[in-house]
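For reference, the structure is listed below as structure tokens.
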Amino acid sequence: MPTIHITDTAGTVHTLDAKPGDSVMQIARAAELPVPGDCNGSLACATCHMIVDPAWSDRIPPVSDDEEAMLDAVFNLSPTSRLSCQIRITPALDGIRLALPA
Ligand code: FES
């Protein structure tokens, strides 16, 4: 089973099992990290904002126009900001690192 690593705002790294097909938002919520995901992945809230480690940002699918529009409204935007509901785990993403925005 793939694992993902999410660093919280205190700097603690959470290593989580990730079922292929699940989104990073779903995995984070199941681990009770503070990722509301209020719209359940329908690109309507941006409460699933995370920052992808630059070493991994080229390995995930590119940002869609709809995701880009939602990211425009996010605070603490970084060059590798993504909406984690749009990142679906595949075996190729085993070990991906992300961080919760400050
Ligand atoms: Fe709402 Fe990701 S959960 S945009």
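Since every read-out is calculated from the coordinates, none of them should be taken as a lab result. Keep in mind that what you see is a predicted model, and the values were worked out from it rather than measured. Reconstructed Cβ throughout: ideal geometry from the backbone, glycine too, with neighbour counts over all protein chains shown.
Helix-only estimate, please: 222 nm mean residue ellipticity of the chain, summing -39500 (n - 2.57) across DSSP H runs of length 4 or more and dividing by its residues, to the nearest 500.
When only DSSP H runs of four or more count, the value is -3500 deg cm²/dmol.
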(message) Eigenvalues of the Cα gyration tensor times 5, then square-rooted: what semi-axes does that give for the chain, in whole angstrom, largest first?
(response) 18, 15, 14
(request) Excluding T80 itself, calculate the net charge of residues whose Cβ lies under 11 Å from the Cβ of T80, where each Lys or Arg counts +1 and each Asp or Glu counts -1. (result) 0
